Amino acid sequence: MRCASLFLLTVGAGVAAACGFHPSGASEDGDGAAADAAAIDAAGDGDGAPPTDATVTTDARCRLGFVDLCGAGAAGPALTVSAATSIDTDTDPRCATLAQPGGPDACLVWVASVSIGVGARLTATGSRPLVIASAGDLVVDGVVDVSSRRGQARGAGAATECATPRAPENDAGGAAGGAGGSFGSVGGAGGTGDTDQSLGGDGTALGGLPGSALAVPPFARGGCRGQEGGAEGASGGQGGTGGDPGGAVVLAAFGAVRVTATGQVLAGGAGGGGGQVQAGGGGGGSGGYIGLEGASLEIAGALAANGGGGGGGGARVNGSPVSGGPGADGGLGGVVAAGGTPAFDAGGGTGAAGAIVAGAGASSIVGAGGGGGGVGAIAVRGAISGAGSISPAPTPL
């Protein structure tokens, strides 16, 4: 069967496509997904024939705006997530490789319909973005999460390289803070270190500068990482680690996409690490990417791709080395991620959320604070209805 004559097989509220393809590793009876099998229920007989009570309708479409399925064949069995479940986009057998024109390869999970249950959490990690395409409706009552968080694995597709115009300077008298990552908005600049020009008057330590904001792309990609903080010196205190950016997820359906009042789709950036003694804090990671496409887009819950806070600067207080605190991870709504607490007087900058810009790291006579991460991007194909919380504002494609 050629994809130009794609059939959608409607069974009650479920939909299955009949072109003879299943995502890599998914068998026709639905037991091909080795990981998290207990939390994933497969619906449908998978043999390509419609159930006896099916209503068969013809639909010539085989392309969504985010994904071309003309060569993909049939959707796999319905994806029902009922408990905490993870997908590694590099190794999960449910992934088929999706080439994104102009962007990185993604993990494609192409299924008949999608239901993320109340209280369930689907977390995606790995180097590739996650694209879930549904032949029918796609309903999120629980959580879809591609965020990055301090001390945890990066969100799916978050390993993105982004240019910055200036790295923070090292300084024995107090190093500079790293800049926050920029994506949908500009990250905060790193603070200036050693402002009293101590230790022989060697000058101040200039803070890191963030890159420019990027145009919202028509493909899934992760955000931008925060810079590492400046170091006291080669054998001295080390700068805080830059926060990882949010990852990337696309939820696309030929039917409706619904994020209900209990549902959340998250792509927040991680907070930057605090600087060690006399070292600068790391910049917060930017938010990542959320793409939505459907016959209708009903958002009653939360979509959030906010930046992480910058790390606080380190110092030597009364002769004792003290590290700055880490910045908070990007959260929900218009609530900014807090900057890390300072060891002396240089806290990290706040992360960006909604229309709130990322804060710059504080300058100091010792280690300076890192800047907050900028927001990510929420790209939509279709009109949104509902009174949900969306941060940052969506960009129509």
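Listed here are the residues, each with its yes/no results for (1) at pLDDT below 95; (2) under 30 Å from residue 281 (Cβ atoms).
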| site | (1), (2) |
| --- | --- |
| 66 | no, no |
| 72 | yes, no |
| 98 | no, no |
| 113 | no, no |
| 138 | no, no |
| 143 | no, yes |
| 148 | no, yes |
Region 296-334 - residue that is among the aliphatic types (A, V, I, L, M) and surrounded by fewer than 18 Cβ atoms within 10 Å (Cβ to Cβ) and, of those, farthest from residue 246 (Cα to Cα): 317
Got a sec? Which of 272, 309, 333 is within 20 Å of residue 188 (Cβ to Cβ), within 22 Å of the chain's Cα centre (by Cα) and modelled with pLDDT under 95? 333
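Test residue 203 against the criterion of being within 21 Å of residue 276 (Cα to Cα), surrounded by fewer than 22 Cβ atoms within 10 Å (Cβ to Cβ), out of contact with any Phe, Trp or Tyr (no Cβ under 7 Å at 6 or more places or on another chain) and small (Gly, Ala, Ser), and give yes or no.
Yes: the conditions hold for residue 203.
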Please report, ordered by residue number, the strands (runs of 3 or more DSSP E) entirely within region 157-271 with at least 3 residues that are over 21 Å from residue 330 (Cβ atoms). 256-259
Would you check if there is a residue in region 127-138 being among the basic types (Lys, Arg), in contact (Cβ under 8 Å) with a residue 12 or more places away in the chain, open to solvent by 10 Å² or more (accessible area, probe 1.4 Å) and not in a loop (DSSP other than H, G, I, E, B)? no
When residues of region 112-126 are limited to those that are in contact (Cβ under 8 Å) with a residue 60 or more places away in the chain and in a strand (DSSP E or B), the one nearest to residue 69 (Cα to Cα): 114
Does region 97-110 contain any residue that is under 17 Å from residue 288 (Cβ atoms), among the small types (Gly, Ala, Ser), in a loop (DSSP other than H, G, I, E, B) and open to solvent by 10 Å² or more (accessible area, probe 1.4 Å)? yes
Specify the residue that is farthest from residue 148 (Cα to Cα); the eligible residues are those in region 336-350 that are at pLDDT 95 or above and open to solvent by less than 20 Å² (accessible area, probe 1.4 Å). 340
Being farther than 30 Å from residue 233 by Cα and crowded, with 24+ Cβ neighbours inside 10 Å, is that true of even one residue in region 159-168? no
When residue 209 is evaluated against the numbered criteria (1) touching a Pro at 6+ places or on another chain (Cβ under 9 Å); (2) in contact (Cβ under 8 Å) with a residue 60 or more places away in the chain; (3) surrounded by fewer than 22 Cβ atoms within 10 Å (Cβ to Cβ), which criterion, by number, is the only one it fails? (2)
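Do you know which residues across region 253-303 are over 20 Å from residue 313 (Cα atoms) and of a type in the set (Ser, Thr, Tyr)?
Matches in region 253-303: 260, 262, 289, 296.
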Is it fair to say residue 160 is modelled with pLDDT of 95 or more, among the β-branched types (Val, Ile, Thr) and touching a strand residue (DSSP E or B) at 6+ places or on another chain (Cβ under 9 Å)? no
Quick one: how many residues across region 364-397 are crowded, with 24+ Cβ neighbours inside 10 Å and farther than 24 Å from residue 246 by Cα? 4
Among the candidates 123, 195, which residue alone is closer than 29 Å to residue 319 by Cα and surrounded by fewer than 24 Cβ atoms within 10 Å (Cβ to Cβ)? 195
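The values are calculated or read from the model by the stated rules, or taken from the named source; none is laboratory data. The model shown is predicted, which means the values in this text are computed figures rather than measured ones. Here Cβ is always computed from backbone atoms with ideal geometry, including for glycine, and neighbour counts include all displayed protein chains. For accessibility, only protein heavy atoms count, side chains too; no ligands or nucleic acids. Shrake-Rupley method; radii C 1.70, N 1.55, O 1.52, S 1.80 Å.
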